[in-house]
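The values are calculated or read from the model by the stated rules, or taken from the named source; none is laboratory data. Keep in mind the model is a prediction, meaning the values are calculated, not measured. Positions of Cβ are backbone-derived with ideal geometry, glycine not excepted, and every protein chain shown enters the neighbour counts. The protein model used for the area step is the full one, side chains on, heavy atoms only, and it has no ligands, DNA or RNA in it. Shrake-Rupley method; radii C 1.70, N 1.55, O 1.52, S 1.80 Å.
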Amino acid sequence: MKINNLTKDEVLRHLLTSESGLTEEEAKKRFLEFGPNEIREVRKTSLSIRFLKQFTHFLAILLWIGAGLAFLSEYLHPGEGMRTLGLAIAGVIFINAVFTFIQEYKAEKSIEKLRLLLPFQVKVIREGREKEIPAREIVPGDLIILSEGDKVPADARLIDATYLMVNNAPLTGESEPVFLNHEPGEEELIASRNIAFAGTTVVSGSGKAIAFATGMRTEFGHIAHLTSAVEAGLSPLQKEIIKVTRIIAFLATTTGVVFFVIGHLIGRGFWENFIFAVGIIVANVPEGLLPTVTLSLAMGSQRMARKMALIKTLTSVETLGSVTVICTDKTGTLTQNRMEVKKIWTVDSQQSTVNSLMKIAYLCNNTRLIDGQYKGDPTEIALLKAAREAVGDLKAERVLEIPFDSERKRMTVVQPSAVSRQQSGEETIYTAFTKGALESVLPLCSHILINGQEIPLDEGRKKETMGAYHSLMDTGLRVLSFAYKEIEKSSKFKVQSSKNKDTVLEKDMIFVGLIGLEDPPRPEVPEALKRCHEAGIKVIMITGDGSRTALAIAREIGLVKGNPVVIEGHEFERMGDRELQEKLSQKEIIFARMTPRHKMRVVSILKEEGERVAVTGDGVNDAPALKKADIGIAMGISGTDVAKEAADMILLDDNFATIVNAVEEGRAVYENIRKFISYIFSSNIPEIVPYLAYVLFRIPLPLTIMQILAVDLGTDMLPALALGAEKPTQEVMRQPPRSPEERLLNLKLLSRAYLFLGPIEAAAGLFGFFYVLNTGGWKWGEMLAANHPLYMQATTACLTAIIVTQAANIFACRSFRESVFRIGFFSNKLIFIGIASELVLQLFIVYHPWGNEIFSTYPISINIWLALIPFAFILFAAEEMRKWVSRKKIRPR
């Protein structure tokens, strides 16, 4: 027989388990037998193929063509040094491929490691005790506890279910939730209503199930192509960088060809023109750009993880920097989610009524006390603690539960309370206990408990209750109301369908009282909100609490200063899209008594208005809004598996301040990439200008192609990487969010690199070149042989000048407007490691025989170094002056 055809007892016997679960010893045996509960990837590109791809992208092909032409020219015209050039370009391709591969591999591994920080945990019963274990350790026969928001870890047969609904969309594609039960059925396994399949999610209710298939043996495993490795798409930033690189390569090639023609027209030889053309191309191609960007994004995600923000994809790192609106929950995000009962209100203030109230708080509660630890929702934990102190421990058998959901805003349980003796025999009397929001519970009540009497609930007492409710909320408390009702015949609730069960059980109830719970704000939130305002980010509170509670907390934490627009759920539902758009355009706005589907609409309209939206969520029904937002943020502590799966970022500490820190890091990553580009593009000018002077003024070539490569892929690489580790500057969170239309390479950045910093470096390089030639007795127009010591010394001085000024340039590029002394001259230690490596490599190139041989250099005296070093100070001082002028023109927000 199939597992779904069996009764509960038959299932337990068939899987050799019990309602106490497996023993730990038996679980270990089954783990060894069946292996880990994991879906293996069907297809994944091998490392060797991924490495080979690094030799076939656009830049690589361009350089391969250059190397091929160099080898061809060596074959047709030997003795011009073109073979060395060809080998050098091939070396560039190989170094770039290795570097890019290593950085992409590191980035991928860093993301995998970050995901391990948040393992998929499952509640099971083993040896009669509830415990949490990683999902990969589930074995056939394990007794799994399922509750709202859980992802089902394995194919499992239900043995108990209370209004259990699951979403089978990951398996069947049908998004409509399905009711499950534990009764035997005759359907096909895939259509069975007593099977919870791996990968599906619990929408509501609770249940217990026995795992009967794990890993690749599950239905999900049978269609494992659904989970095969999918190539991650390039982020918008990476696409833009590729586009920019291709444009620059095209312009470099065009420039090389144009100057080749010009050289031919003014009488230069073919090989001279060819060397010049190849030099222009190599000087302009930013070979190290792509791997450095990948590394910068990966380092940003790791820094965020250290600040308790887990980024699931590198794409999200850059998106965070452009967020304009944050829609945040209140409880647990702006507040500490440490609930404590602060106020109890009953209309008569009698102890007997208070005890009745606390009895409902105890019994209408899903918190469990396991090994002295409270397990459950923070609100229910606070209620249970207060109830135990007031009335002690109570025992009762729950026969029915209507779970809380965001639409009903209440929870009801039914328990036997007494036995009634009738002529027909004994009949059990049941009591329904209800707790929830006052606007949900009070309309269900016809009476109120006063001095032990059930008195009709007239308008006067309703107003008195509402007044007490409002006064409690005005102090920032979360307020719950409590009611009960006796039911004489169990048939009245046993036969009700899911559609009308509320109207029978929750009708003509007796209202008892209110409990106000305090959830103190997180101390770091006010400062985080202040930083959001300075950064031009709008923060909108969307909470399920009442408007008065929400407004009191919002004022306390500084979210609102004036008279904000406050919209409650019932008003929200009546609003048209145009009216809602108008409300959302207000400076301060709070949404109260909202449901997750309301949140989805808010996000949609904000996005239609052109906002880049980050939204927080922790429940099952938050998933659509999390997916819709530009950045979905799930709670790592209180969040459900469904919310975490839908989100782009997970807060490991559920703290709003962490979101702000992550936005700051996202902005910093983008800024660091721009700093890196500014740095490497600055050195393009001193690499290009010598070639222009060579063609236009008929002088010896001041800088060889090999020396250009020494700068681009040697001395520049480590300092540029150090810029990727730069911490966020103060100015990052004092400027408005970046527009999606803003280009990575804009006129301002190019002007700074090509028209300001670059010319200073070019002047230093040509000064060094002519300084050595003039001191050596060179006459204008005299052409020197490539192996002439004076010429080699002059090109060495030109190269050294570029390196010296680049050492100053790295400090200049650490910020765009702030002084390097303000951000901390020594705050980035990697900068000094990069400069040290740069100088050591240059010393090797200048003074070691191998360096002289490879790069056609010649040792220079200390006097030449001393003549070049002032240019570094000139560049640094000029850039500090430019930043000072910039700060005077544009005051920070």
Can you tell me which of 88-99, 860-871 comes out highest on packing, and rank the rest after it, using the mean Cβ neighbours within 10 Å? 88-99, 860-871
Just name one of M165, G207, L63: the one whose Cα is farthest towards the positive end of the charge dipole of the chain (beta-carbon charges, Lys/Arg +1, Asp/Glu -1). L63
Label-point separation (nm) for M881 and K28, each offset 7 Å from Cα along Cα-to-Cβ? 7.5 nm
With every protein chain left in place, what is the accessible area of E742 in Å² (1.4 Å probe, nearest 10)? 60 Å²
Mind checking the dipole of the stretch 663-765: about its Cα centre, +1 per Lys or Arg Cβ, -1 per Asp or Glu Cβ, Debye to the nearest 20? 220 debye
Cβ-derived FRET efficiency at R0 60 Å, K131 paired with E742, nearest 0.05: 0.75
Using +1 at the C-beta of Lys and Arg and -1 at the C-beta of Asp and Glu, which of V504, V341, M358 has the Cα lying farthest in the positive direction of the dipole of the stretch 340-518? V504
Grab the Cα-Cα distance for E571 and I190, subtract it from 0.36 nm times how many residues apart they are, and report the gain in nm with one decimal. 132.9 nm
Set K359/K409; K375/K507; K607/K644, cut-off 25 Å on Cα-Cα distance; pairs above it are K375/K507
Counting helices only, and only those DSSP H runs with n ≥ 4, report the 222 nm mean residue ellipticity of the chain as the sum of -39,500 (n - 2.57) divided by its residues, in deg cm²/dmol to the nearest 500. -15000 deg cm²/dmol
What is the gain in length, in nm to one decimal, between Q453 and I262 on full extension, counting 0.36 nm per residue of separation less the C-alpha to C-alpha distance? 58.2 nm
Whole-percent carbon and sulfur share, accessible surface of the chain, 1.4 Å: 57 percent
Which percentage, to the nearest 5, of the DSSP beta bridges contained in the chain is antiparallel? 75 percent
Compare the peptides 842-853, 196-207, 632-643, 521-532 by average per-residue count of other Cβ atoms within 10 angstrom and give them in order, highest first. 632-643, 196-207, 521-532, 842-853
Per residue solvent-accessible surface (Å²) - the chain, probe of 1.4 Å: 44 Å²
With the charge dipole of the stretch 340-518 built from beta-carbon charges (+1 for Lys and Arg, -1 for Asp and Glu) about the Cα centre, the Cα from L517, T475, T412 projecting farthest to the positive end belongs to T412
Efficiency of FRET between Y105 and M783 - r from beta-carbon atoms, R0 51 angstrom, step 0.05: 0.60
Check: the chain dipole with +1 on Lys, Arg Cβ and -1 on Asp, Glu Cβ, in debye: 1900 debye
Would you mind telling me the antiparallel percentage of the DSSP bridges in the stretch 340-518, rounded to 5? 95 percent
Sort out for me the Cα centre separation of the stretch 703-771 from the stretch 297-372, rounded to whole Å. 45 Å
Restricted to Cα positions, what overall size does the stretch 807-893 have along the principal axes? Three whole-Å values, descending. 55, 26, 18
Cα-projected label distance for E19 with T7, points at 7 Å along beta-carbon direction, nm: 1.4 nm
Computed about the Cα centre, the charge dipole of the stretch 340-518 from +1 Lys/Arg and -1 Asp/Glu charges at the Cβ has a magnitude in debye, to the nearest 20, of 280 debye
Read through the labelled values (1) 2, 11, 20, 25, 23, 14, 5, 0, 0; (2) 2, 9, 15, 18, 19, 16, 11, 6, 3, 1, 0; (3) 2, 10, 17, 18, 16, 12, 10, 7, 5, 2, 1, 0, 0 and report the label of the one computed as P(r) over Cα pairs in 10 Å bins from 0, in percent from the structure. (3)
Cα Rg, Dmax (largest Cα-Cα span) when computed across the stretch 340-518, Å: 16.1, 54
Entries in K343/K462; K2/K123; K53/K312; K330/K435; K29/K385 that, when Cα-Cα distance is taken, lie over 29 Å: K29/K385
